[in-house]
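What follows is calculated from the coordinates using simple rules that are stated; it is not laboratory data. Just so you know, these numbers come straight off a predicted model, no measurement behind them. Every residue, glycine as well, gets a Cβ built from its backbone with ideal geometry; the counts of neighbours run over all protein chains shown.
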Amino acid sequence: MSGLALAPEAAWANDLCSLDPGSHAALSGALPTLSTSFAQDVCQILTMPTNSRSESERFTEQIEPGSRLDHTSPSAETMTLPSLWWTRDSLPPQLGRHRLVDAWVSYTIHNSDVRVVDVMINSQFWRALSMPQRYGVLTQFGNAAQEFGYHLRFFQNNGYSARMIGLYACDTHQAAPTPQCLVTVETLRIVQLQQAMQSQPSSPIADQPADPSTPQAAIPVAAEVSTAP
């Protein structure tokens, strides 16, 4: 399993995204086309703890009280159960359909208007997908989340900790017909972005465990930025 499990300092890194200009400046350096406000949002999304067993306490501390919903709690006002389950069930059988997604949780990050939905992906079916198929699945879920004003994170969960394997975030600060979005399922790029946000020196990218199915060619991270369809 590849990706980067958030380091302990991520518990307060969310605040650093707002208080330390260097944090989102580092991200802007990696993705120079991002606006300052969007870079700050992405910083918070990248450093937000997960609802896994290893980070659940920090996760609860970092979300707005009452904002949490998951696949067991439908709502008439916000990210509803049918919205993501319909997206899941509309996938063709070769992409896993109902077997691909294990669970999801949506929330608002504390002291912000950044709303996120985390989707737990079945590792077995995800590994069987090609890179274009992974992007296709992420885009379908990302579009559904974006309609409700949410950013999207994909994770693999080993029962104790979770690793980010996909990111779909769009700039909600500009009323553009095609908002600027950051979309990737390449875990090495997610590692690069997360490491840019770490307050402690990080080990080289090459030292991170790699997914054998993920191409290792280094492509500029800035290429990830696109406009939503």
- In terms of modelled amide H atoms, which long-range or inter-chain residues lie less than 5 Å from the amide H of TRP104? HIS71, MET120
- Query: Once amide H atoms are built 1.01 Å from N in the peptide plane, which residues 5 or more positions from GLY166, or in another chain, come under 5 Å H to H?
  - Reply: PHE154
- the stretch 112-120 - phi-based ³J(HN,Hα) in whole Hz, Karplus 6.51/-1.76/1.60, Gly and Pro as x: 7, 10, 7, 10, 9, 10, 9, 10, 8
- Between the modelled labels at ASP102 and SER56 (7 Å from Cα along Cα→Cβ) the distance in nm is 1.3 nm
- Query: What nm value, rounded to one decimal, do you get for the distance between ASP89 and ARG68 when each label is placed 7 Å out toward the C-beta?
  - Reply: 2.7 nm
